[in-house]
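What follows is a set of notes on a single structure, which appears directly below.
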Amino acid sequence: MSIKLVVGECTLNVVSAYAPQMGLDEEVKRRFWEGLDEIVRSILPAERLFIGGYFNGHIGSTVGGYGEVHGGFGFGDRNARGTSLPDFAKAFELVIANSSFPMREEYLVTFQSTVAKTQIDYLLIKRCDRGLCKDCKVIPGETLATQHRLLVMDVGIMTKRKKSTARGRPRIRWGALTKDKAQELEGRLSPMGA
């Protein structure tokens, strides 16, 4: 799912992704990545891109050859499916935002059950927009679903303000008028010094 928002002169593309589960056929997984690829390719270079989703892979806590996309602050160990997301991010010059900030475990774990704690939900942003991302973490007390935790990203986007144009008659600002200036003005405005 994707949505395009226009805020002033800035266009934001927000994509929500849900990767196929482990037991599904490889063809289903291939179609997922091709579909996401198609969505990302359709976004203009000047537009902002934010991808959030359940990617069903563990990128792990180490960079391991993905230094340009992985910040080195993930959780756990990389699994076999854990290279799909970094490979995708590398191909589209994206950064995995929730691997970019040093956090305690409770701010990294996105999925927790009675038997496991993992990080399988991720937020991505264009590498050139990396500076916009101020923070990315799990909100520990909030649960998105029974076992998934809410993952949030703080982003600072500046929009240009339009200059206001004066309409109608100009305003007279009387606040700076002193007694001497008032008398001088009165003398100039009174007809023939009367």
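The values are calculated or read from the model by the stated rules, or taken from the named source; none is laboratory data. Computed from a prediction, not measured in an experiment: that's the story for all the values here. Every residue, glycine as well, gets a Cβ built from its backbone with ideal geometry; the counts of neighbours run over all protein chains shown. Keep in mind that these areas ignore ligands, DNA and RNA; they rest on the heavy atoms of the full protein, side chains included. Shrake-Rupley method; radii C 1.70, N 1.55, O 1.52, S 1.80 Å.
Within the stretch 72-106, take every residue that is farther than 22 Å from D135 by Cα and of a type outside the set (A, V, I, L, M, F, W, C) and give me the one that is modelled with the lowest pLDDT. Among those residues, the one meeting the criterion is R81. Contact map, the stretch 28-55: residues that are within 14 Å of A17 (Cα to Cα) paired with residues that are at pLDDT below 95 and among the basic types (K, R), Cβ distance under 9 Å, separation 6+ or inter-chain. Pairs shown: K29/R81; F55/R81. Select from the stretch 11-34 the residues that are assigned to a strand (DSSP E or B) and open to solvent by 20 Å² or more (accessible area, probe 1.4 Å) and write down the one among them that is farthest from V138 (Cα to Cα). Top of the filtered list is T11. Among the residues of the stretch 76-94, are any of a type in the set (G, A, S) and assigned to a loop (DSSP other than H, G, I, E, B)? Yes, because at least one residue in the stretch 76-94 is of a type in the set (G, A, S) and assigned to a loop (DSSP other than H, G, I, E, B). If you go through the stretch 35-65 and pick out every residue that is in a strand (DSSP E or B), more than 18 Å from T83 (Cα to Cα) and open to solvent by less than 50 Å² (accessible area, probe 1.4 Å), you end up with 2. Check E68, E106, E142 and return the single one that is open to solvent by 60 Å² or more (accessible area, probe 1.4 Å) and either assigned to a helix (DSSP H, G or I) or closer than 18 Å to L36 by Cβ (or both). Result: E106 is the single residue among E68, E106, E142 that is open to solvent by 60 Å² or more (accessible area, probe 1.4 Å) and either assigned to a helix (DSSP H, G or I) or closer than 18 Å to L36 by Cβ (or both). Go over the candidates V14, V69 one by one and state the one that is in contact with a strand residue (DSSP E or B) (Cβ under 9 Å, 6 or more places away or on another chain), farther than 13 Å from I120 by Cβ and at pLDDT 95 or above. Going through V14, V69 in turn, just one is in contact with a strand residue (DSSP E or B) (Cβ under 9 Å, 6 or more places away or on another chain), farther than 13 Å from I120 by Cβ and at pLDDT 95 or above: V14. When every residue of the stretch 154-175 is checked against the conditions, at least one turns out to be part of a strand (DSSP E or B) and open to solvent by 40 Å² or more (accessible area, probe 1.4 Å).
The set of residues in the stretch 80-115 being under 19 Å from the mean Cα position of the chain (by Cα) and among the basic types (K, R) consists of K90 alone.
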